[in-house]
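The values are calculated or read from the model by the stated rules, or taken from the named source; none is laboratory data. Remember, predicted model here, so these are calculated numbers, not experimental data. All Cβ positions, glycine included, derive from the backbone under ideal geometry; neighbour counts span all protein chains shown. Each accessible area value is taken on the protein alone, full model and side chains, heavy atoms only, with ligands, DNA and RNA left out. Shrake-Rupley method; radii C 1.70, N 1.55, O 1.52, S 1.80 Å.
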Amino acid sequence: MRSRGLLAPIALAVAGACARAPAGPPAAAPVAPARPLTEAACAALLRVRHAIDVTPEPRICLPLAAALAPLGPASLAEVHGLVIVRDARGPCGDRCPDLASALRSDAALAYYRTVEHALHVVDATFAGPRWRGGTPDAAAVRAYLDGLGLPDWDALVARVRALPGAALPAVVPPGSPVVFDAIVRHGPAQLLGGEVPLVDLLRHELGHAVLLRHLIENDAAGRWSSVTGWVEADGEVADGFVGGVYASELPIVASRLVLGLSRGAAARYRPSGPTPTGYGAFDPMEDHAEEFRLVHADPVALGRRSPARLLIAAAGELDLRAPRLVGFVRAGVAALLADRADPVLAMAVLRAHRAALVPAAADLADPRPLPIPASVHPDVRAALDAAVLVVEVDGLRFRPSDAAIAAFIAEAEAWRVQHEELQRLLDAP
């Protein structure tokens with residue numbers, strides 16, 4: 001658990017709720033207009049309703065409006081005022097520090113910067129990605145091969161030939177740009193599970209805004225990782241910060257995933273299980289963005305992959321009583337009730353879906369009181385009371401498993417002890 005949290009009162013530190021999980025199902029989406037929006041009407045709509053100015057790139061307006069339309073109120077609040085920036089190239093352009101970074105930059109179809117609260121639209125957003133880095137020098141190629149764990153150029157060429165849709169010449173000289181162009185052109189579809197329409201790419205970027213806009217203030221990334229199992233290399237829950245600095249995964253990991261290789265021993269982050277897409281396996285931030293995309297683009301596929309992840313991603317976004325989704329509710333609830341990593345967030349997700357819990361998951365209700373030892377410290381008891389670990393629906397009580405509550409108490413006690421020790425150090429003469 002991060003020591004920075006010890007500076008807050010314990011009840012507040014352990015009882016933060018899901019930032020995107022209001023009680024009850026989301027409000028119904030507004031009725032679509034009878035006629036399609038014109039670009040001028042679209043621009044006015046986004047400016048008035050969402051404080052978004054699409055003047056830097058008007059072509060983004062209609063797909064962005066479509067991506068915004070189904071979002072729940074809490075998500076809309078996070079994306080409000082999004083700044084649209086028009087760039088030619090990806091995040092590091094022609095100043096990338098290494099070949100892996102340059103490949104990932106040129107493959108970027110759009111990207112979000114949290115400090116600016118800005119969606120960057122690039123040439124590749126409309127024309128598709130292509131390699132623009134020319135012929136790299138031999139040292140850069142050798143470093144790239146070493147990062148991939150491949151012995152030589154021929155091994156890389158063989159991996160690239162295996163990419164769906166890639167077509168390389170019979171003879172490919174070492175360092176040939178055609179190899180890097182194939183990685184850039186076909187890598188996104190390889191990781192995203194196919195070609196993705198622009199509206200869904202924008203949903204992915206909106207997912208970044210929802211998670212990262214207030215990254216430091218609400219530890220949203222850490223709470224997301226706690227219920228999805230992402231950890232850092234040292235085993236700590238991944239909160240998006242490595243060494244005290246916000247950091248996404250190493251760019252070489254993207255190349256490794258595209259080419260069907262393992263994440264590698266040097267990776268900053270580790271997932272605990274399968275993610276919804278290959279790109280979701282890059283790091284917890286991309287995992288969240290992909291689930292945010294899929295919960296609107298194909299929630300059934302997400303539910304089949306993981307009912308619990310569907311419930312988490314759909315909190316405040318979808319009404320799970322819909323016939324095509326209700327079948328995932330019970331399995332998702334069972335997994336969340338058993339969650340030992342973050343029962344506070346798990347129960348916040350259940351509160352968001354309380355209207356769908358009965359009858360779908362009625363048999364999982366547990367009328368027993370929470371198993372809190374009489375000897376528990378008063379500060380820990382206060383944290384338990386603040387956490388609101390019981391959801392009541394139609395006279396039925398849903399609460400975390402005994403093991404999850406025991407884990408919560410143990411963690412809260414550890415926080416209390418560390419906080420007291422810190423206070424003693426501060427009070428020492």
>> Quick check on my filter: what residues within region 55-75 are closer than 14 Å to Ala43 by Cβ and either open to solvent by less than 10 Å² (accessible area, probe 1.4 Å) or within 17 Å of the chain's Cα centre (by Cα) (or both)?
In response: Ile60, Cys61, Leu64, Leu68
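Rundown of residues vs (1) buried (at least 19 other Cβ atoms within 10 Å of the Cβ); (2) under 19 Å from the mean Cα position of the chain (by Cα); (3) modelled with pLDDT of 90 or more; (4) closer than 27 Å to Pro343 by Cβ, yes/no style:
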position: Trp230; (1), (2), (3), (4): yes, yes, yes, yes
position: Glu236; (1), (2), (3), (4): no, yes, yes, yes
position: Phe241; (1), (2), (3), (4): no, yes, yes, yes
position: Gly244; (1), (2), (3), (4): no, no, no, no
position: Ser248; (1), (2), (3), (4): no, yes, yes, no
position: Val253; (1), (2), (3), (4): yes, yes, yes, no
position: Arg263; (1), (2), (3), (4): yes, yes, yes, no
position: Thr277; (1), (2), (3), (4): yes, yes, yes, no
> What is the one condition in (1) more than 27 Å from the chain's Cα centre (by Cα); (2) among the β-branched types (Val, Ile, Thr); (3) within 29 Å of Leu82 (Cβ to Cβ) that Val122 does not satisfy?
Replying inline: (1)
> For region 342-406, which fully contained helices (runs of 4 or more DSSP H) count at least 2 residues that are of a type outside the set (A, V, I, L, M, F, W, C)?
Replying inline: 343-352, 378-387
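Return yes or no: is Val79 on the phi < 0 side of the Ramachandran plot and open to solvent by 10 Å² or more (accessible area, probe 1.4 Å)?
Values: on the phi < 0 side of the Ramachandran plot: yes; open to solvent by 10 Å² or more (accessible area, probe 1.4 Å): no.
No: the conditions fail for Val79.
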>> Return the pair list, or none, for Cβ contacts closer than 6 Å from residues in region 228-254 that are within 20 Å of Tyr279 (Cβ to Cβ) and touching a residue at least 24 places away in the same chain (Cβ under 8 Å) to residues that are open to solvent by less than 50 Å² (accessible area, probe 1.4 Å) and of a type in the set (Val, Ile, Thr), at least 6 apart or on different chains.
In response: Ala238/Val231
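Conditions (1) in contact with a helix residue (DSSP H, G or I) (Cβ under 9 Å, 6 or more places away or on another chain); (2) open to solvent by 30 Å² or more (accessible area, probe 1.4 Å); (3) touching a residue at least 12 places away in the same chain (Cβ under 8 Å), marked per residue:
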residue: Leu350; (1), (2), (3): yes, no, yes
residue: Ala356; (1), (2), (3): yes, no, yes
residue: Ser375; (1), (2), (3): no, yes, no
residue: Arg397; (1), (2), (3): no, yes, yes
residue: Ala403; (1), (2), (3): no, yes, yes
residue: Ala406; (1), (2), (3): no, yes, yes
residue: Trp415; (1), (2), (3): yes, no, yes
